[in-house]
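Working notes, beginning with the structure itself.
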Amino acid sequence: MSGARTDAEAVEAANTALYDALEHGDLDTMERLWLGPDDGSAADDADVSAVHPGWPVLTGRGEVMRSYALIMAGTDYIQFFLTDVEVSVLGDTALVTCTENILSGGPAEADGSAGPLVGGLVVATNVFRRVPDGAWKLWSHHGSPVLVEQDDEGDGDGPDEEDGGQNDTVF
């Protein structure tokens, strides 16, 4: 097996670990997955960044980790189904693009049944750097919501004839 194939597999495993940590609310693991000054790289705390859907750009390790802590604290249930995963490695830098098919939910109902579940799609770009010990650490995350087309409340036979279906997209 070539080194490039091994690197791509290692990067994909690091990418999967990111989403596993988020699903399990494991902030300690999340912190270990991100590039930082203690991993032997030349990076400092200001080198990492994240953009979550609807959020401004977060720069610096403290801001990024705080954002994940807030997401974890405010989410009772979240599950990611990653599709369209593409990994590209060039030297000590790797790029992962994927679609995050997200299922999340609120608190349980009073009777103990599951709370409301909401689905969503986000396209994500995750950039990794290899650190001196060979591990791949996340350098940057950017997630953008995917626009989803829905039929109008009409007869369901197709686009609205007045606008040719131009206003059938929701965020």
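The values are calculated or read from the model by the stated rules, or taken from the named source; none is laboratory data. Just so it is clear, the structure is predicted and the values come from calculations on it, not from any experiment. Please note: Cβ atoms are built from the backbone with ideal geometry, for glycine as well, and neighbour counts cover all protein chains shown. Side chains are part of the model used for accessible areas, which takes the heavy atoms of the whole protein and leaves out ligands, DNA and RNA. Shrake-Rupley method; radii C 1.70, N 1.55, O 1.52, S 1.80 Å.
Some notes on this structure:
- Looking at 93, 97, just one residue is touching a Lys or Arg at 6+ places or on another chain (Cβ under 7 Å) and in contact (Cβ under 8 Å) with a residue 24 or more places away in the chain, and that residue is 93.
- Residue 99 among the polar types (S, T, N, Q), open to solvent by 50 Å² or more (accessible area, probe 1.4 Å), closer than 21 Å to residue 17 by Cα and out of contact with any Cys (no Cβ under 8 Å at 6 or more places or on another chain): no
- Residues within the stretch 47-65 that are open to solvent by less than 50 Å² (accessible area, probe 1.4 Å) and more than 30 Å from residue 105 (Cβ to Cβ), tallied: 1
- The condition (being surrounded by fewer than 18 Cβ atoms within 10 Å (Cβ to Cβ), under 24 Å from residue 7 (Cβ atoms), of a type in the set (D, E, K, R) and under 16 Å from the mean Cα position of the chain (by Cα)) is satisfied by just one residue among 84, 133, 38: 84.
- Inter-residue pairs, beta-carbon under 6 Å, first aromatic (Phe, Trp, Tyr) and in the stretch 11-36, second open to solvent by less than 20 Å² (accessible area, probe 1.4 Å), 6+ apart: 34/48; 34/138
- Just one residue in the set 44, 76, 38 is under 22 Å from residue 107 (Cα atoms) and at pLDDT below 95; that residue is 76.
- Entry remark, the stretch 113-154: residues being outside any strand (DSSP E or B) and modelled with pLDDT of 50 or more number 15 in total.
- Residue 21 vs. criteria over 16 Å from residue 129 (Cβ atoms) and surrounded by 15 or more Cβ atoms within 10 Å (Cβ to Cβ): yes
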